[in-house]
1. Of all residues in the stretch 23-60, how many are among the hydrophobic types (A, V, I, L, M, F, W, C), at pLDDT 95 or above and not in a loop (DSSP other than H, G, I, E, B)?
2. If I ask for residues that are assigned to a loop (DSSP other than H, G, I, E, B) and exposed (fewer than 12 other Cβ atoms within 10 Å of the Cβ), which ones from the stretch 1-22 would you list?
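The values are calculated or read from the model by the stated rules, or taken from the named source; none is laboratory data. Fair warning: this is a prediction, and the values are worked out from it, not measured in the lab. All Cβ positions, even for glycine, are placed from backbone atoms using ideal geometry, and neighbour counts span all protein chains on display.
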Amino acid sequence: MPVYEFECPNGEVTEKLVKMDTKEIECPICRQKAKKIISACTFELKGGGWFADGYASKKH
Ligand SMILES: [Zn+2]
């Protein structure tokens, strides 16, 4: 299972191993709901480079 980061309304970030479809957890510090932070770099590396090649050559 991958490690995801969750941020609660107080700005506290918690790393936790959860299933992919888990969208929020309970913040261990303030017990409020912490939402999953999607790691931008992971997604850009997978899809961004691929897209960039095709689009860049057409636009320029
Ligand atoms: Zn919190």
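1. So the count comes out to 2.
2. So in the stretch 1-22, the residues assigned to a loop (DSSP other than H, G, I, E, B) come out as 1-2, 8-12, 18-22.
Across the stretch 1-22, the qualifying residues are Met1, Pro2, Pro9, Asn10, Gly11, Lys19, Met20, Asp21.
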